[in-house]
Structure formats: structure tokens, C-alpha cells
1. Taking T35 as meeting all but one of (1) closer than 22 Å to Q97 by Cα; (2) at pLDDT 95 or above, write down the number of the exception.
2. Output the residue which, of all residues in region 52-74 that are over 18 Å from I7 (Cβ atoms) and without any contact (Cβ under 8 Å) to a residue 24 or more places away in the chain, is most open to solvent (accessible area, probe 1.4 Å).
3. So which residues in region 7-30 are touching a residue at least 40 places away in the same chain (Cβ under 8 Å) and under 30 Å from G67 (Cα atoms), if there are any at all?
4. Failed condition for Y60, given (1) in a helix (DSSP H, G or I); (2) over 18 Å from T14 (Cβ atoms), with all others met?
5. Looking only at region 46-72, which residues are at pLDDT 90 or above and touching an Asp or Glu at 6+ places or on another chain (Cβ under 6 Å)?
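The values are calculated or read from the model by the stated rules, or taken from the named source; none is laboratory data. Keep in mind the model is a prediction, meaning the values are calculated, not measured. Reconstructed Cβ throughout: ideal geometry from the backbone, glycine too, with neighbour counts over all protein chains shown. Surface areas here come from the heavy atoms of the whole protein model, side chains and all, with no ligands, DNA or RNA. Shrake-Rupley method; radii C 1.70, N 1.55, O 1.52, S 1.80 Å.
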Amino acid sequence: MTYALIIIPFALFTLVVTLLSATQPGMKQRMLASTISAAVLVILTAIFDNVIISAGLVAYPEGTSSGIRIGVAPIEDFSYAICAAYLVPAVYVLLPQGRTGVARGQR
């Protein structure tokens, strides 16, 4: 199995949850914040993945990644950071206390 195939369920789940959160207030602001967060996370992933892989702490066997790399880090590694940047805020606003900041029992 390749890393690109492993990412598909995470990416689809992120897409579905993000689309479900589109009906909640503040979607435009959330998407802007998520995009900025994703950019920062991609930069940090590029730095730290390259250090970790170059140090020999992690290795990717040939044929398990797409072959597209940023430095020595496979492009697939970046998808998890991007998914997190969009998924976490979407899940938060879908939770009952995420909409108002007040727990359901305190309303």
C-alpha cells in the first residue's frame, strides 16, 4: 500500500466534515484562518520532516510514495498537516459547545 492511498480516507473525511460545517456561522473567517494555518504547518512540516528524514530517524521505502519530494520529504507527508488545519476548526464548530463557547447544559 502506498502513502497516497492511506491519505485518501483522511482527505475525504476532512472534506465531508468541512462541508458540513459550511452551514455554521463564520465559515469565511474559518477558511481564511485554516488556509493561513495550513501554510504555516506546511512550512514547519517541510523543515522538520527534512531534518528527521535526513537524520535517519524515518525512512520511506522506494515504491511507497509518489516520488514527489520537497527536499527529502515525500509530498504525502504534507497532507496530514493540511487536513488538520481544516478538520479541527470544522469539528469544533460542529460540536454543541463549539458554536457558542458555552456547554449545552449551561445555556
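1. So T35 meets the others, but not (1).
2. E62
3. I7, F10, A11, F13, T14, V17, T18
4. (1)
5. D49
Let's see how each residue does on (1) of a type in the set (G, A, S); (2) open to solvent by 50 Å² or more (accessible area, probe 1.4 Å):
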{"position": "M1", "(1), (2)": "no, yes"}
{"position": "L5", "(1), (2)": "no, yes"}
{"position": "Q29", "(1), (2)": "no, yes"}
{"position": "A38", "(1), (2)": "yes, no"}
{"position": "D77", "(1), (2)": "no, no"}
{"position": "Q97", "(1), (2)": "no, yes"}
